[in-house]
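The values are calculated or read from the model by the stated rules, or taken from the named source; none is laboratory data. As the structure is a computational prediction, the values presented were derived from the model and not from experiment. Reconstructed Cβ throughout: ideal geometry from the backbone, glycine too, with neighbour counts over all protein chains shown.
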């Protein structure tokens, strides 16, 4: 370094910062021995703030503008240190430039599924991801709480902590929202604003704010999504028979395109094609001698009879329920008579036992009362 450069550095000091990294949040102005000259020019551009730290103590914060570091412009430093003139530095301090612009397109996502209670599907596991933006709103607090003495602080150094806070608040909000899974896509904007509002109180302690939070997608486990896709496909097709034909055609195409299947795949595809052709031809289609007539489907077995249970009214109280076998034992013992009122599910009000076909047979073993009795 020449003598002229040395003298220039001693007589005048120009302090400024131009950032082209797009991820630097704080940068410390480097000067040999941290010597800041009396009368130095400090340039703070739009989107920046400059924090003065004198002997480990935060002295002042400068907003955008051009400043002359003199006694009348720095009253705080005047009370901290005596200003002198000449080649000797009047004070040794540090200047930290803080980037106050937005840091956009920051990614977030849930590492593990969030368990929620859905009103339609019951317990479900959800995953979500999206983007957010961060901005430094309090440079002094951010410097004291997060940066410390780091000479170059980037977004990567705090993004992990922000993501942890974001995922925690998102999990809490989504679990307590009560919004059905099928309706969450229509409410992502409101959910994003709600989560950002919940996070703002926490990150404000770091001197940060979250101007934007976007939820790009909320997804279910692959098995559940596959089942929903099948349900949607059936709803679109409408006719289950047509859906079966469609599935058979897809399977036939997949088998024919499988090179590892060889002749077996070709035979399977041909067999499925013949079966599908028979289905499409219907009972009125032409049949060849080699194609037997389709067999009629066997009728399903009849449904088993429904076993009723009965309630018995006695002295203004209700007893039961009793099975039919129990009612038979009660009739044999005389505890159930023809005049006893009974009721079962599906019956229109209380009826006498002899008026119920299913119970009337219990009294056939005894003769009815004689006429005039």
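Would a scan of region 100-116 turn up a residue that is surrounded by 13 or more Cβ atoms within 10 Å (Cβ to Cβ), under 30 Å from residue 55 (Cβ atoms) and in contact with a strand residue (DSSP E or B) (Cβ under 6 Å, 6 or more places away or on another chain)?
yes
Of the residues that sit in region 233-245 and are under 34 Å from the mean Cα position of the chain (by Cα) and surrounded by 15 or more Cβ atoms within 10 Å (Cβ to Cβ), which one is modelled with the lowest pLDDT?
237
Condition first: surrounded by fewer than 15 Cβ atoms within 10 Å (Cβ to Cβ) and farther than 20 Å from residue 101 by Cα. Now tell me which residues in region 149-172 satisfy that.
Within region 149-172, 149, 164, 168, 172 qualify.
Conditions tested, residue by residue: (1) modelled with pLDDT under 80; (2) under 30 Å from residue 252 (Cβ atoms).
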| position | (1), (2) |
| --- | --- |
| 276 | yes, yes |
| 312 | no, no |
| 324 | no, no |
| 340 | no, no |
| 344 | no, no |
| 367 | yes, no |
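The rows are residues; the columns are (1) within 17 Å of the chain's Cα centre (by Cα); (2) surrounded by 12 or more Cβ atoms within 10 Å (Cβ to Cβ); (3) under 29 Å from residue 117 (Cβ atoms); (4) at pLDDT below 90.
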| residue | (1), (2), (3), (4) |
| --- | --- |
| 174 | yes, yes, yes, yes |
| 186 | yes, no, yes, yes |
| 190 | yes, yes, yes, yes |
| 208 | no, yes, no, no |
| 214 | yes, yes, yes, no |
| 231 | no, no, yes, yes |
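Give me the pairs, please: first residue somewhere in region 142-155 and in contact (Cβ under 8 Å) with a residue 40 or more places away in the chain, second residue anywhere and part of a helix (DSSP H, G or I), beta-carbon distance under 8 Å, and either six or more positions apart or on two chains.
If the second residue must be part of a helix (DSSP H, G or I), the pairs left are 142/206; 145/205; 145/206; 146/158; 146/206; 150/157; 153/146; 153/147.
Would you confirm whether or not region 51-71 contains a residue that is surrounded by 15 or more Cβ atoms within 10 Å (Cβ to Cβ), at pLDDT below 85 and assigned to a loop (DSSP other than H, G, I, E, B)?
Yes, because at least one residue in region 51-71 is surrounded by 15 or more Cβ atoms within 10 Å (Cβ to Cβ), at pLDDT below 85 and assigned to a loop (DSSP other than H, G, I, E, B).
So which residues in region 136-146 are surrounded by 22 or more Cβ atoms within 10 Å (Cβ to Cβ) and assigned to a helix (DSSP H, G or I), if there are any at all?
139, 142, 143
Regarding region 169-184, can at least one residue be identified that is touching a strand residue (DSSP E or B) at 6+ places or on another chain (Cβ under 7 Å), closer than 17 Å to residue 106 by Cβ and not in a strand (DSSP E or B)?
Within region 169-184, one or more residues are touching a strand residue (DSSP E or B) at 6+ places or on another chain (Cβ under 7 Å), closer than 17 Å to residue 106 by Cβ and not in a strand (DSSP E or B).
Tell me yes or no: at least one residue of region 91-103 is at pLDDT below 85, out of contact with any helix residue (DSSP H, G or I) (no Cβ under 6 Å at 6 or more places or on another chain) and under 27 Å from residue 18 (Cβ atoms).
There is at least one residue in region 91-103 that is at pLDDT below 85, out of contact with any helix residue (DSSP H, G or I) (no Cβ under 6 Å at 6 or more places or on another chain) and under 27 Å from residue 18 (Cβ atoms).
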